[in-house]
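Report on the following structure.
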Amino acid sequence: MATRRRKPRGKGRRAVSVALVLLIALLIVVLRLVEEVGQERRPSDRFVVARIIDGDTIELEGGDRLRLLAIDTPERGERFYDEASAMLERLALGKTARIEFAGRRRDGYGRLLGYLFIDSLYINRAVIDSGLGYVYLFKDTDLNSPLIEELLKAQRSAINRDVGLWAVEREPEEVYFAREGSLRLHRPGCSSVEKLVPGRYQEFSTREDGLVTGLSPCRNCKP
Ligand SMILES: [Zn+2]
C-alpha cells in the first residue's frame, strides 16, 4: 500500500512544483507590469501636494515624496531654511500639481525627481527666483532643457537683485575653482581641489562668476 501511495504522491508533488513555478513566473510578470504602469506617469498626471518636507522636497497624496529637480535649498539650521519651506507651503500645499519628469524618475532614496508646476507656475524656478535656493545640476542633467535654462536665468536675476541667499555676506576668496567635468564650485582650501591638474580646471575671481555658469556651491567648502 505504501508503494502504491508513493507513486501518485511523487507525480502530485511534481505537478504542484510546476504549478508553483508557473504561478511565481506569472506573479513576476504581473508585478513588472504594475511597476511599469507605476513608472509611466506622464507629465499630464495630476498629484495633490499633501505635505511640505523642506524647501525642495514635498510629499504627495498617497505618500510618494518628490525632490524638486535641479535646485538645492538650505538644510535645517541654515539660513533661509524656514523661508524656503514657507514659500513651498504657500505656493503648493493642498494644491493640485503637475510634475515633469526628466531622465531618472527616482533617486536612491526612492523619491520621485521632477519639476513641479502648480497651474502655470514653475515652482522650481520660483524658489530660485526668490534667492531661496541654488541651481544644483548633476552630470546627467539635460543642460539643453528649456526648464534648466529658465532656472539659470532666474538665478542670474536673483544674483543681480541681491535677494535671499545672495544677500548673505560671505568670506570672499581670492579665487574659486571648478574641476573640468565637474559642476561644483570650490574654495581654494577644499580637499576636492587639492590636486588640480594643469589645464583641467576653471578659475573664477568671484563665486557669482562661477555660479552663473551653472556650477553649484560645493557642500563641503560652501563657497
Ligand atoms: Zn569644495
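All of the numbers you see were taken from the coordinates with simple rules; none came from a lab. Please read all numbers here as calculations on a predicted model, not as lab measurements. When we count neighbours, we look across all protein chains shown, and the Cβ atoms used for this are built from the backbone with ideal geometry, even at glycine.
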Query raised in the report: Excluding same-chain residues fewer than 8 positions from LYS95, which lysines have a Cα within less than 27 Å of its Cα?
Result: LYS153
Query raised in the report: Points 7 angstrom from Cα along the Cβ direction at SER120 and GLU169: gap in nanometres?
Result: 4.2 nm
Query raised in the report: Could you give the length gained on full extension between LEU20 and LYS95, defined as 0.36 nm per residue of separation minus the Cα-Cα distance, in nm?
Result: 22.4 nm
Report task. Using per-residue counts of other Cβ atoms within 10 Å, averaged over each peptide, order 62-68, 15-21, 211-217 from highest down. Result -> 211-217, 62-68, 15-21
Report summary line: Placing each pseudo-label 7 Å from Cα in the direction of the beta carbon, LYS222 and ARG13 end up separated by a distance in nanometres of 6.6 nm
Query - Most mobile of GLU169, GLU83, GLU208 in a GNM of the chain (Cα contacts under 10 Å) - result: GLU169
Report summary line: At the level of C-alpha centres, the distance separating the stretch 41-82 and the stretch 84-148, in angstrom, is 8 Å
Query raised in the report: Which of the peptides 117-127, 196-206, 172-182 is most tightly packed, and how do the rest follow, judged by the mean count of other Cβ atoms within 10 Å per residue?
Result: 117-127, 172-182, 196-206
